[in-house]
1. Taking neighbour counts of Cβ atoms within 10 Å as a proxy for exposure, in what order, fewest first, do 181, 171 appear?
2. Once fully extended, how much extra length lies between residue 124 and residue 184, figured as 0.36 nm per residue of separation less the alpha-carbon to alpha-carbon distance?
3. Using 0.36 nm times the number of residues separating residue 150 and residue 82, minus their current alpha carbon distance, what extension gain do you get?
4. Return 233, 99 ranked ascending by Cβ neighbour count within 10 Å, so the fewest neighbours appear first.
5. Residue separation times 0.36 nm, minus the C-alpha to C-alpha distance between residue 64 and residue 209: what's the value?
6. Counting other beta carbons within 10 Å of each Cβ, put 135, 45 in order, fewest first.
7. At 222 nm, what value in deg cm²/dmol follows for the chain if DSSP H runs of at least 4 each add -39500 (n - 2.57) and the sum is divided by all its residues, to the nearest 500?
8. Can you give the relative contact order of region 15-233 as a percent, counting alpha carbon pairs under 8 Å and 6+ residues apart?
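Only the coordinates and a few stated rules stand behind these numbers; no lab work does. Given the structure is predicted, the values throughout are model-derived calculations rather than measurements. Cβ placement follows ideal geometry from the backbone for every residue including glycine, while neighbour counts extend to all protein chains displayed.
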């Protein structure tokens with residue numbers, strides 16, 4: 001990726017319109033499989049899934065419509081018990097590292113105290129209860145108040161050893177972010193992007209080539225108080 005470009009989501013929330021501009025190296029290959037999830041629109045709950053089956057997301061927690069000044073979102077509320085999740089996740093693995101996967105998600109953190117947010121690819125559900133990216137194989141963004149995070153953290157793990165790189169981008173309640181990761185076809189590195197700008201390039205402790213991972217975009221409460229998170233849309237692609 002020679003340069004980072006601002007990412008603008010259209011009124012439809014359709015990330016497929018902008019993904020080729022965000023990942024130009026990836027979309028030079030026409031044989032990519034794609035999937036997309038988006039909310040049903042203003043004043044409506046529920047989501048629409050399109051594309052390859054295993055990328056289809058399902059909800060965690062209780063959803064409600066949220067029409068903000070920057071468009072339609074869905075708010076997800078966890079249960080009021082420590083370890084309860086709110087957000088989206090795939091039911092099956094879909095991202096294989098040798099297939100150069102990519103994802104983009106539009107997210108708006110709401111509660112940022114006593115909460116752990118993971119956005120990306122994982123192999124172990126144990127990561128919901130952990131700040132360590134080495135809880136399974138991981139390529140994901142993390143924000144965890146229990147780890148003392150104030151910025152988005154860019155995390156990878158090969159299943160044994162993890163990396164954590166500070167993005168320098170602060171997590172602010174009520175602020176929307178477009179988070180993206182892709183495997184660079186020319187280097188094999190994991191490229192982390194926030195709001196169209198590359199914030200980290202990680203070249204070590206990456207998934208094995210045939211490791212299958214699934215996607216999570218969730219907030220986990222670390223106390224007995226329910227936590228909220230808002231999501232708009234997500235885009236997934238791989239060869």
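1. Working: 181 24, 171 20.
Fewest-to-most ranking of 181, 171: 171, 181.
2. Values: separation 60, 0.36 × 60 = 21.60 nm, distance 2.38 nm.
Taking 0.36 nm per residue and subtracting the Cα distance, the gain is 19.2 nm.
3. Result for the pair: 22.4 nm of gain on full extension.
4. Numbers: 233 25, 99 17.
Neighbour counts put them in this order, fewest first: 99, 233.
5. Working: separation 145, 0.36 × 145 = 52.20 nm, distance 3.84 nm.
Full extension from residue 64 to residue 209 adds 48.4 nm.
6. Values: 135 20, 45 14.
With the sparsest Cβ surroundings first, the list reads 45, 135.
7. Numbers: 1 runs with 4 residues, N = 239.
Result for the chain, helices only: 0 deg cm²/dmol.
8. On the way: 595 pairs, mean separation 59.6, N = 219.
After rounding, I find 27 percent.
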